[in-house]
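Just below is one structure, and these are the notes that go with it.
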Amino acid sequence: MSIYMKNLSSGDEIALDADTVYETFSVIKLAIAAELMHQVSEGKVSLSRRVTLKANDQRLPSGVLYAMDPGLQPTLKDLLMLMIIISDNEATDVLGDLVGRANVTAYMKTLGFAKTTIQFSDLDWDRAWLGTLDRSYLNASGKYADRQVREAFGHTIYDSKIYFGHSTTREIGGLLERMATGKLVSKQASDELLGIMEKQQVDNRFPRYLREVRIAHKTGDGQPFIANDAGVLWVNGQPIVLVVFTGHHRGETDALHDAVARVAALVAKHYGAELSPDFKAFNQ
């Protein structure tokens, strides 16, 4: 587990293994979102632009677009919303293709985040890890036993050199700090991204034990091996950047989610937040 925390009001900082590169999974979508807003600011694209989704845009089930009929015409803002709040992989790949993954990595470097990179589209990443099951995956039925799929996924995470997204908790924390201080692209862009992140639908990590805490965050999932969360918590008026990455976990997914949730609970409690009764009972 890697943890980075910074209270932007007091300057308090905690960094535990915060400079080691981890697989981000969907947390890297924050970098895609940042590059999208960067290109909007330069007049290269508009959030109101509509794109027509095609049958070959569909991805393995994640979000909702994979279940929709081809021909849907969402705006780029719609796709951005879906990419962040329900981690829709079809929306992610359409936006990644549009802005260019090399541009995402290059923009992160201009911000000082040299270890934050995106390697594959979601489609190509899925092909790569499923290919460890069957080299003819694209022409195969894809009907494998759960144990086979889990072993292939674990092999890809632990033993291969391919990845979806790479970063450190400190660098993602720095990206979030720019948002929270209105310095990522512009104050308007920063506020818009945070507003979208506040609508996050996955609430089984950072928000789990918190009460009356404003949270803007993005999760990343590669369970049962990896489950990440990254965001800003506003506790008693104090904006607190918190990023938790996990790796090489070999237990059950619920335990992994709970461990991440408890990090957020302990941080928030330290600054005076109220926690849910189930957290208090567990720790008595």
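Inside the range 54-96, residues that are among the hydrophobic types (A, V, I, L, M, F, W, C) and closer than 17 Å to F120 by Cβ make up a count of 5.
When L130 is tested against (1) at pLDDT below 75; (2) open to solvent by 20 Å² or more (accessible area, probe 1.4 Å); (3) among the hydrophobic types (A, V, I, L, M, F, W, C), exactly one condition is not met: (2). Of the residues K44, K54, K77, which is more than 30 Å from R250 (Cα to Cα), touching a Pro at 6+ places or on another chain (Cβ under 6 Å) and open to solvent by 60 Å² or more (accessible area, probe 1.4 Å)? K54 is the lone residue from the list that is more than 30 Å from R250 (Cα to Cα), touching a Pro at 6+ places or on another chain (Cβ under 6 Å) and open to solvent by 60 Å² or more (accessible area, probe 1.4 Å). The residues of the range 6-32 that are closer than 30 Å to W125 by Cα and either crowded, with 19+ Cβ neighbours inside 10 Å or among the basic types (K, R) (or both), listed by number, are A18, Y22, E23, T24, F25, S26, V27, I28, K29, L30, A31, I32.
Can you tell me which residue is nearest to the chain's Cα centre (by Cα) among those in the range 80-97 that are open to solvent by 30 Å² or more (accessible area, probe 1.4 Å) and in contact (Cβ under 8 Å) with a residue 60 or more places away in the chain? Applying the filter and picking the extreme gives I86. Looking across S190, S186, one residue alone is crowded, with 16+ Cβ neighbours inside 10 Å, modelled with pLDDT of 95 or more, out of contact with any strand residue (DSSP E or B) (no Cβ under 8 Å at 6 or more places or on another chain) and hydroxyl-bearing (S, T, Y). It is S190.
Which residues, taken from the range 193-210, are open to solvent by 80 Å² or more (accessible area, probe 1.4 Å) and either in a helix (DSSP H, G or I) or in contact (Cβ under 8 Å) with a residue 60 or more places away in the chain (or both)? Selection gives K199, Q201, R208.
The values are calculated or read from the model by the stated rules, or taken from the named source; none is laboratory data. What you are looking at is a predicted structure, and each value in this text was computed from that prediction instead of being measured. Every residue, glycine among them, receives a Cβ derived from its backbone with ideal geometry; neighbour counts consider all protein chains shown. What goes into the accessible areas is simple: the full protein's heavy atoms, side chains included, and nothing from ligands, DNA or RNA. Shrake-Rupley method; radii C 1.70, N 1.55, O 1.52, S 1.80 Å.
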